[in-house]
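What follows is one structure encoded as C-alpha cells, with my remarks underneath.
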C-alpha cells in the first residue's frame with residue numbers, strides 16, 4: 001500500500017512544474033507564490049503549535065526555501081519546460097552532499113563523488129538543448145543550491161511538527177514575497193485573470209502538495225527513509241509525462257539522456273553514503 005502512496009506523491013511532485021507554468025500564465029512569479037503561501041498558512045495554522053526555540057530555524061527556512069529556492073525555481077519556469085526544470089533540480093542531492101562535507105564535516109565515498117560528476121554530466125547534456133534558455137538554466141541551478149542550504153539547516157535542527165513547519169514558514173515568507181512582487185513585477189490586471197485556471201493551480205499547490213508532503217513525512221517515519229526515498233528519483237519522469245499531457249511540451253533526446261544520467265548520478269549520491277557505526 002505504501003508503494004502506491006509513494007508513487008502518487010512523487011507523481012504529484014513531478015506534475016507540479018506543469019501546474020506552475022499554467023499559474024505563471026495568469027500572474028507573475030512572486031504574486032503566485034504569495035497567494036500560495038497565504039492560503040497554505042491559513043490552512044495549516046489551526047493545527048500549528050509554535051515553540052519559541054523554533055522561530056529562528058523556521059524563519060531561516062522560510063527565507064531560503066519559500067522565498068529564494070521556490071522564487072528562483074518558479075522564475076526559471078518562465079523560461080524552461082517542466083522536464084528540463086525537474087531534471088536540473090535533481091542537483092539538489094549532490095549539492096547537499098558537498099555542503100555537508102564542507103560545513104558538517106561529513107565523509108563522502110568515491111561512488112558519491114562519481115555520482116556527483118555523473119549528475120553534473122546529465123545537466124550539461126540538458127544544457128545542450130538548443131531551446132534551453134540560459135537565464136532559466138542559471139535560475140534553476142541557483143534555486144537547487146538554495147534548497148541544499150535548507151537541507152543543511154534542517155540537519156542541525158530538532159524535529160518540528162509538519163503543520164507548524166508549514167504554517168509558519170508560509171507566514172514568515174509572505175511579507176518578503178509581497179515586497180518582491182511590488183518591487184520587481186508589473187501590476188496585475190486582475191480583471192484579465194482566468195480565475196478558474198488560477199484557482200486550480202492554487203488548490204493543487206495548497207491542498208495536494210501540502211497533504212502529500214505530510215503523508216511523505218509519515219511514510220519516511222513508518223517505513224524508513226531507505227524504502228521511501230528511491231521513489232523520489234521518478235520525479236523527472238512524471239515531469240516529462242505531465243509536461244507532455246498538460247502542456248504538450250516536446251520531449252527531446254537531449255532531455256531524456258540528460259535526465260537518465262542525472263537520475264543515475266543522484267542515485268549513486270543517495271545510496272552509497274559512508275557507513276556509520
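Classification of segment 73-167 by its C-alpha gyration tensor yields an oblate form. The axis ratio a/c (a ≥ b ≥ c) is 1.5 or more, and b/c is at least a/b.
With R₀ fixed at 30 Å, the C-beta to C-beta distance from residue 3 to residue 78 puts the FRET efficiency at about 0.30. The ellipsoid equivalent to the alpha-carbon distribution of the chain has semi-axes of 27, 25, 18 angstrom, derived from the gyration tensor eigenvalues as √(5λ) and listed largest first.
Largest GNM mean-square fluctuation among 216, 190, 13, using the chain with Cα springs under 10 Å: 190. Once you sort the root eigenvalues of the Cα gyration tensor of segment 209-277 as a ≥ b ≥ c, which label holds: rounded (a/c under 1.5), prolate (a/b larger than b/c) or oblate (the other case)? Here segment 209-277 falls in the oblate category. Label segment 147-205 by shape, choosing from rounded, prolate and oblate, from the square roots a ≥ b ≥ c of the eigenvalues of the Cα gyration tensor; if a/c is under 1.5 it is rounded, and otherwise prolate applies when a/b is larger than b/c, oblate when it is not. It is prolate, given that a/c is not under 1.5 and a/b is the larger ratio.
R0 = 41 Å: FRET efficiency of residue 47 with residue 195, Cβ-based, nearest 0.05? For R0 = 41 Å, the calculated efficiency reads 0.90.
When only Cα pairs below 8 angstrom with a gap of at least 6 residues are kept, segment 2-271 shows a relative contact order of 44 percent. Taking label positions 7 Å along the Cα-Cβ direction at both residue 159 and residue 124, the computed distance is 4.3 nm, reported to one decimal.
GNM on the chain, alpha-carbon springs under 10 angstrom: the most fluctuating residue among 26, 131, 249 is 131.
Throughout, read-outs are computed from the coordinates displayed, never taken from laboratory work. As the structure is a prediction and not an experimental result, all values here were calculated from the model. Here Cβ is always computed from backbone atoms with ideal geometry, including for glycine, and neighbour counts include all displayed protein chains.
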